[in-house]
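S.K.: Here it is: the structure, laid out below.
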Amino acid sequence: MVILRAVLCGCGAMAKGWLKAIAADRELQSAIRIVGLIDVNPEAARALAAEFEIEGAVVGSDLDAVLTETAPDILFDIVVPAARRDVVATALRHGCHVLSEKPMAASLEAARELIELARNAGRIHAIVQNRRFISGIRRIRRFIESGAIGDLTGIHCDFFIGAHFGGFREEMEHVLLLDMAIHTFDAARFIADKTPLAVYCHEENPQGSWYAHGAAATAIFELSDDVTFTYRGSWCAEGANTSWESEWRIIGTKGTLLWDGAEALSANRVAGSEGFFRPLVPVEVPEAADPLETHGHASVIADFVAAVRSGTKPETAGDDNFNSLAMVFAAIESARTRQRVTI
């Protein structure tokens, strides 16, 4: 099987997560060869190459020059959101397939442009929504599809973490909605298999926040088929962290599923038609249909690699991920205008 030549653009802390995922997966190790590393600070690129024992790779700060010299098949885009449009456009111009860190773009207009550029180039542009590739999310999607708790009516998520990153996040506008909430929004859209229609969102930066803007938000989304999705979140909530995956309550016409965002999934289904509170019976939540889809970062990279090789569409292709990004920007617009916003 032909090894895909890859250039990695952006050699900060996030890049280590990508390289660790590849290093931990034997099939990815044999499928990908890193031939170039690019960063505005070449020393960071050299340090990353040394840490992960990447030998013979071209290191530099000029994306055009490195792509010309290495002629890669794929580009891993791990730059800050403000730089994403130019990086992806340059890679597509060089004939690369591109896998980008989220968010897909800094605006919906830029996202539409990247979708069109990828289409015109005949190349894949996909987004790392790694948190939909975990066991809990895949199990819940399968469980909802089984009809075990009837028709879906509501998804409710809580995300409360006191995260001290330092760096660019603490200066971002709408930091929770744009940099983190998209994971939960995307996962909810995947689980529900519904179309987002509208949102009302309240955003705030609570007293004591160490972020410049928008560290907390509450949103109510209207999805197709009369499904409601609610999100309560904060990145400056000290004292009782939830899972990074949020805590979930998923309600159907015949029962409810609870997920703590980690290993605990439990579901109950109505088992009778009498009494003030109807009797319930527990329902088993089956394992994921394909364990290979539950390895987070490694699974989303593997899905991208398989799509490049086969010419098929990856699950997190840009034109699909646009729908999750649209949820984010509609929530931001709603918070700004204090109005319900259609998506």
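The values are calculated or read from the model by the stated rules, or taken from the named source; none is laboratory data. Model, not experiment: these values are computed from the prediction. Because the Cβ atoms are built from the backbone with ideal geometry, glycine has one as well, and the counts that use them run over all protein chains shown.
S.K.: Specify which of the listed residues (S243, S224, S234) is crowded, with 20+ Cβ neighbours inside 10 Å and among the hydroxyl-bearing types (S, T, Y).
M.R.: Selected residue: S234, the only one of S243, S224, S234 that is crowded, with 20+ Cβ neighbours inside 10 Å and among the hydroxyl-bearing types (S, T, Y).
S.K.: Additional query: Considering only residues that are among the hydroxyl-bearing types (S, T, Y) and modelled with pLDDT of 95 or more, which ones fall in the stretch 300-323?
M.R.: Passing the criteria: only T316.
S.K.: Tell me, which residue of the stretch 135-175 that is among the β-branched types (V, I, T) and at pLDDT 95 or above is farthest from A83 (Cα to Cα)?
M.R.: Of all residues in the stretch 135-175, those among the β-branched types (V, I, T) come to 137, 140, 144, 149, 153, 155, 161, 175.
When the remaining residues are screened for being at pLDDT 95 or above, the result is 137, 140, 144, 149, 153, 155, 161.
Details: I137: 30, I140: 35, I144: 38, I149: 44, T153: 39, I155: 34, I161: 27 Å.
Filtering the stretch 135-175 for residues that are among the β-branched types (V, I, T) and at pLDDT 95 or above, the one farthest from A83 (Cα to Cα) comes out as I149.
S.K.: Suppose we keep only residues that are crowded, with 19+ Cβ neighbours inside 10 Å and small (G, A, S) within the stretch 17-38. Which one would you say is nearest to the chain's Cα centre (by Cα)?
M.R.: A21
S.K.: Somewhere in the stretch 40-49, is a residue out of contact with any Phe, Trp or Tyr (no Cβ under 7 Å at 6 or more places or on another chain) and in contact (Cβ under 8 Å) with a residue 60 or more places away in the chain?
M.R.: no
S.K.: Consider the stretch 330-342. How many of its residues are buried (at least 17 other Cβ atoms within 10 Å of the Cβ) and either farther than 19 Å from S224 by Cβ or modelled with pLDDT under 95 (or both)? First the steps, then the outcome.
M.R.: Taking the stretch 330-342 and keeping what is buried (at least 17 other Cβ atoms within 10 Å of the Cβ), we get 330-332, 334-335, 341.
Next, from what is left, pick out any that are either farther than 19 Å from S224 by Cβ or modelled with pLDDT under 95 (or both): 332, 335.
Residues in the stretch 330-342 being buried (at least 17 other Cβ atoms within 10 Å of the Cβ) and either farther than 19 Å from S224 by Cβ or modelled with pLDDT under 95 (or both): 2 in total.
S.K.: Residues in the stretch 300-313: is at least one buried (at least 18 other Cβ atoms within 10 Å of the Cβ) and polar (S, T, N, Q)? Reasoning before the result, please.
M.R.: Just the residues of the stretch 300-313 that are buried (at least 18 other Cβ atoms within 10 Å of the Cβ), to begin with: 300-305, 307-308.
Filter again for polar (S, T, N, Q), leaving none.
Checked the stretch 300-313: no residue is buried (at least 18 other Cβ atoms within 10 Å of the Cβ) and polar (S, T, N, Q).
S.K.: So for the stretch 80-92 (the condition being within 18 Å of the chain's Cα centre (by Cα) and buried (at least 22 other Cβ atoms within 10 Å of the Cβ)), does at least one residue qualify?
M.R.: Scanning the stretch 80-92, I find at least one residue that is within 18 Å of the chain's Cα centre (by Cα) and buried (at least 22 other Cβ atoms within 10 Å of the Cβ), so the answer is yes.
S.K.: Cβ-Cβ distance below 6 Å, separation of 6 or more or different chains: which pairs start in the stretch 74-93 with a residue that is among the small types (G, A, S) and end on one that is modelled with pLDDT of 95 or more?
M.R.: A89/L117; A91/L75; A91/V98
S.K.: Checking D158 against (1) under 18 Å from L325 (Cα atoms); (2) crowded, with 17+ Cβ neighbours inside 10 Å; (3) charged (D, E, K, R), only one condition comes out false. Which one?
M.R.: Of everything listed in (1) under 18 Å from L325 (Cα atoms); (2) crowded, with 17+ Cβ neighbours inside 10 Å; (3) charged (D, E, K, R), D158 misses just condition (1).
S.K.: Mind listing just one residue for me: the one in the stretch 1-21 that is modelled with pLDDT under 95 and of a type in the set (V, I, T) and, of those, nearest to V59 (Cα to Cα)?
M.R.: I3
Here's the yes/no breakdown for (1) touching a Lys or Arg at 6+ places or on another chain (Cβ under 8 Å); (2) at pLDDT below 95:
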site: V35; (1), (2): yes, no
site: I38; (1), (2): no, no
site: P42; (1), (2): no, yes
site: A49; (1), (2): no, yes
site: E55; (1), (2): no, yes
site: L63; (1), (2): no, no
site: L67; (1), (2): no, no
site: A71; (1), (2): yes, no
site: I74; (1), (2): yes, no
